[in-house]
Each structure stands twice: as C-alpha cells, then as structure tokens.
Amino acid sequence: MTTELGLRERKKERTRQLIADTAWRLFAERGFDQVPVAEVAAAAEVSEATVFNYFPTKEDLVFHRMEAFEEELLDAIRDRPEGHSIVEALGSFVLTLRGFLASEDPAADEGMRTVARVMSGSPALLTREREILDRYTSTLAAHIAQEERMAAEDVEPWVIANALIGVHRALIRYVRRQALAGVENRRIARNVRARGKRALALLEDGLG
C-alpha cells in the first residue's frame, strides 16, 4: 500500500511539473496574458480541470514556488544565531543568490531576461506579486510582534516588516530593470549584493 501511494504521489508530481514547464514555455514565447489556460492544458495533454486541480489560478502556474520561499524566509529569521538581529537574518537570506543569478549555465542570462520580460509585461502577474509581497509583510509583522511581545495592532512591527520587505521589493525591481537592459547576470548579482548591503545597513542603523 505504501509503495502504491508513493508511486501515485510521484506520478502526481510529474504531472504537476509537466503542466508548470509547459505553461512557462508558452508564456515565454507569447506572454502570460496572451496564453489561455485551455491552451496550456492542450499542450500538456491534460484537461483544463486537471490544470486547475494542481494550480487553483492561472497566476499559480508562475508563482507556485513562492509559498516555500515565504516559509524559508521566516525560518531564516526564527532560526538566526543568538545575537543576530532580524535585519541581519533577513539580509543574509535575501542576498543569497538563487535561480538564474546563481547559475553557471551559459543560457542563464537569457533565462533571466525572459523572466523579467514575462513578469514586466503582465499586469496580472505584477498584481499577484504585490499581493504575495504584502502577505510576506503581514506574516513578518506578526512574527516580529510575537517575538518582541508587542500587540498585533502595534505600529512598530508593521514599520519594521514594511521596511525589510521593501528592500526585497526594490531588489526585485532592480534585477528586472538590469536584465531587460541586457546586463549580464554576473554583473547584476554583484550589484544586487552591493546595493542590498547598503540598504540593509541603513535599516540596521535605524531598526537593528
């Protein structure tokens, strides 16, 4: 029975990955807003209902990994070494290179430009991204309030959380602008770390 369940779960994960990969290929070719879910389903050889079983909204086809990122971000803050501030913990996390910026693949520069183009060209994706970052801010504010034994409605946790997630937002925008301008990933990564450290140093002085 356990083996059967394991096989079923692996099959479901393969189907999920196939749908996500197929969707991204189509979005990269034509843009997110120009590709209907029905076309993704046809290209992946599944039903439209199957797509929505795995991805409740069309935007989830792009953002389905963001929940894991949110949990990792909170873990970085919860599990930070004794004596390290929240600013230090979040800074270390967000300045860790990931994805195309961390890749040595020669195709990574073009991959980064594609991500920037798809995201920047879709009002729907940008709206969803803002919602996700707003959720990060709310979750972080709640954690700060609990850690500092403040009331949930206090202003200070919200100020701190908005400032910290603001750095993350600003770096995302910076990376996209640089990628769309044709700057190579190696240079983008170097500049992101330098600018991120300066921004976090400002917050550490005021919030640390």
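For region 124-208, relative contact order (Cα pairs under 8 Å, six or more residues apart, normalised by length) works out to 24 percent.
Excluding ligands, DNA and RNA, the accessible surface per residue across the chain is 58 Å² with a 1.4 Å probe. Reducing region 188-208 and region 75-129 to their Cα centroids gives an inter-centroid distance of 14 Å. When the helices of the chain are scored as -39500 (n - 2.57) per DSSP H run of n ≥ 4 and the total is divided over every residue, the value at 222 nm lands at -25000 deg cm²/dmol. Take the alpha carbon atoms of region 41-74, find their center, do the same for region 13-39, and report the distance between the two centers in whole angstrom. What the calculation gives is 10 Å, centre to centre. Output the relative contact order of the chain, whole-number percent, from Cα pairs under 8 angstrom with separation of 6+ residues. With pairs under 8 Å counted, the relative contact order is 21 percent. For the peptides 176-183, 113-120, the ranking by packing is 113-120, 176-183, with the highest mean count of neighbouring Cβ atoms within 10 Å listed first. The slack between Asn162 and Glu13, meaning 0.36 nm per residue of separation minus the straight C-alpha distance, is 50.1 nm. Divide the volume of the convex hull around the Cα atoms of region 90-185 by the residue count and you get 95 Å³ per residue.
The values are calculated or read from the model by the stated rules, or taken from the named source; none is laboratory data. None of the values given here were measured: they were computed from a predicted structure. Note that we place each Cβ from the backbone using ideal geometry, even for glycine, and neighbour counts take in every protein chain shown. With ligands, DNA and RNA removed, areas are computed over all heavy atoms of the protein, side chains included. Shrake-Rupley method; radii C 1.70, N 1.55, O 1.52, S 1.80 Å.
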